[in-house]
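One structure is given below, encoded as structure tokens.
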Amino acid sequence: MSTPRLEVDLGRIGHNARTLISRLARRGVAVTGVTKAVLGSPEVARTLVHAGVSRLGDSRIENIERMRRAGVTARLSLIRSPMMSQIDRVVEHADVSFNTELDVVAALSSAARTQGRVHGIVLMVELGDLREGILPRDLEDAVRALMRLPNLTFEGIGTNLACRSGVVPDAANMAELSRLAAAIESGCGAPVGLVSGGASASLDWALGEASLGRVNDLRLGESILLGREPFDHRALPGLHTDAIKVVAEVIESKLKPSRPWGRIARTPFGVPPAAVGRGCLVQTILAIGEQDIDPNGLVPPPGVRILGASSDHLIVASEAVIEVGEQMRFEPDYAALLRASTSPFVASRFHDGAQQGPLSQARRPPGLTIGSASTSAS
Ligand SMILES: *Cc1c(COP(=O)(O)O)cnc(C)c1O
């Protein structure tokens with residue numbers, strides 16, 4: 001089996017999705033399953049749909065096309081503002097897109113008209129994190145403008161917090177989102193179906209005591225895939241944090257001095273950490289590196305400590321010499337997972353829970369390839 005690889009436990013991902021969906025359903029909130037960290041993997045997409053997500057979202061049109069080609073039938077939302085150069089593809093493959101620019105919305109309208117389709121528009125609102133979004137004072141004008149355009153439906157509004165400036169979703173900014181939904185309905189006469197209150201970072205707020213107002217959707221990626229809350233990487237109760245593993249192979253393992261010798265300068269990845277300890281340690285090298293993962297985002301197995309990394313090598317301290325060819329499993333954080341998914345050198349292997357084997361033939365959905373390289377958008 002090829003290494004390095006991601007091992008994706010679809011059973012555990014399904015469990016995480018079902019658990020979050022039912023907790024949020026009690027609060028009147030549906031879940032959009034976000035697939036970008038696994039490049040729109042059709043296997044993960046089907047698992048999320050089966051678990052009961054109301055729709056799927058991805059930030060890349062390539063991933064949406066991949067899911068469509070694989071026969072995923074759920075409603076698909078492009079959750080990043082479409083590029084002007086990709087408008088035709090967005091209208092053809094995505095049911096809905098998230099928008100902040102009227103020029104883009106107008107281009108979507110004319111492409112939808114040409115293609116004989118109706119495209120759904122969610123308008124994203126800026127609530128302080130300073131990433132994407134229409135300023136609240138401009139929102140009603142934007143809704144009025146889009147309602148004048150043919151072949152579009154106004155689906156609702158959404159916001160994104162936490163990802164750029166670390167602004168925490170709280171009672172104040174979420175109440176503002178609800179207030180804006182009400183203002184659009186009274187000011188523009190447009191029903192606001194979807195009020196999407198953010199990503200995994202909004203879970204603490206949504207599952208807390210606060211009134212949720214009009215918010216009826218969250219877009220969840222990290223919390224479903226990794227079972228963690230994004231601000232402090234806290235494990236979410238009842239969820240698996242080990243549904244996805246990075247597996248790498250040992251290519252060297254030797255007793256070596258713990259301190260480098262010679263004059264020390266910068267490395268290609270910045271200032272090397274000061275050497276600690278004295279004497280010798282067992283230094284083991286795995287054939288995976290900065291090109292494939294974020295070394296700061298890997299949790300090693302017990303008894304193993306990460307010492308450093310370069311483009312193609314991950315260096316760890318292990319308790320004993322490890323035979324070359326042995327494999328080691330790490331838990332990735334979101335950044336490590338994103339990079340691993342995107343590296344052409346990291347394969348993905350999907351399996352279902354208890355026994356660590358691949359999905360049995362009988363349970364394998366039609367057209368599903370096991371162990372395909374994760375970047376092949378096949
Ligand atoms: C990535 C993304 C999400 C999902 O974020 P998680 O932290 O993985 O839950 C939601 N919304 C938008 C717009 C995104 O780009």
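For region 119-275, what is the accessible area per residue in Å², given a 1.4 Å probe and the full set of protein chains?
46 Å²
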How are the C-alpha pair distances of the chain spread across 20 Å bins, as whole percents from the shortest bin up?
27, 51, 20, 2
Solvent accessible area, Å² - Glu331, 1.4 Å probe, full protein context
40 Å²
Whole-Å distance linking the alpha carbon centroid of region 151-169 with that of region 199-215 is 14 Å
Projected onto the charge dipole of region 198-338 (unit charges on the beta-carbon of Lys, Arg, Asp and Glu, signs +1, +1, -1, -1), the Cα from Ser258, Pro300, Leu338 with the largest positive-side position is that of Ser258
On full extension of the chain, what length is gained from Ala274 through Ser85, given 0.36 nm per residue of separation minus the C-alpha to C-alpha distance?
63.4 nm
Projected onto the charge dipole of the chain (+1 at Lys/Arg Cβ, -1 at Asp/Glu Cβ, origin at the Cα centre), which of Leu127, Leu239, Val321 gives the Cα projection farthest towards the positive end?
Val321
Given the protein chains as shown and a 1.4 Å probe, how many square angstrom of Arg131 are accessible, to the nearest 10?
110 Å²
Identify which of Pro136, Pro332, Pro257 has the largest mean-square fluctuation in a Gaussian network model of the chain, with springs joining Cα atoms closer than 10 Å.
Pro257
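Treating only the Cβ atoms of Lys and Arg (+1) and Asp and Glu (-1) as charged, compute the dipole magnitude of the chain about its Cα centre; round to the nearest 20 debye. Before the final figure, lay out the partial values.
Values: 41 positive and 40 negative charges, 93 e Å.
For this selection, approximately 440 debye.
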Could you tell me the convex hull volume per residue, in Å³, taken over the Cα atoms of region 121-176?
74 Å³
Square roots of five times the C-alpha gyration tensor eigenvalues of region 68-128, ordered largest first and given in whole Å, equal 19, 15, 9
Among Gln283, Gly193, Ile79, the residue whose Cα sits farthest towards the positive end of the charge dipole of the chain (+1 at Cβ of Lys and Arg, -1 at Cβ of Asp and Glu, taken about the Cα centre) is Gln283
Can you pull the percent of region 115-269's accessible area that's carbon plus sulfur, 1.4 Å probe, other chains left in place?
53 percent
With the Cα gyration tensor of region 17-156 in hand, give its eigenvalues times 5 under a square root as the equivalent ellipsoid semi-axes, listed largest first in whole angstrom.
25, 19, 13
Can you give the extra length, in nm with one decimal, that the chain gains between Ser311 and Val324 once fully stretched, where that is 0.36 nm per residue apart less the Cα-Cα distance?
2.7 nm
Take the alpha carbon atoms of region 271-330, find their radius of gyration, then divide it by 2.2 N^0.38 Å using N residues; give the quotient.
1.09
CD proxy, 222 nm, the chain: helix-only mean residue ellipticity via -39,500 (n - 2.57) per DSSP H run with n ≥ 4, per residue, nearest 500, stands at -8000 deg cm²/dmol
Can you tell me the Rg and the Dmax, both Å, for the Cα atoms in region 1-72?
12.9, 44
In Å and on Cα atoms, what radius of gyration and Dmax does region 126-269 show?
22.4, 73
Only helices at least 18 Å long along their own axis, judged from Cα atoms, and with Kyte-Doolittle mean hydropathy of -1.0 or greater: name those in the chain from DSSP H.
10-25, 102-115, 171-188
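The values are calculated or read from the model by the stated rules, or taken from the named source; none is laboratory data. The structure displayed is predicted, hence computed values, not measured ones. All Cβ positions, glycine included, derive from the backbone under ideal geometry; neighbour counts span all protein chains shown. Just so you know, the surface numbers come from the protein's heavy atoms only, side chains and all, with ligands and any DNA or RNA stripped out. Shrake-Rupley method; radii C 1.70, N 1.55, O 1.52, S 1.80 Å.
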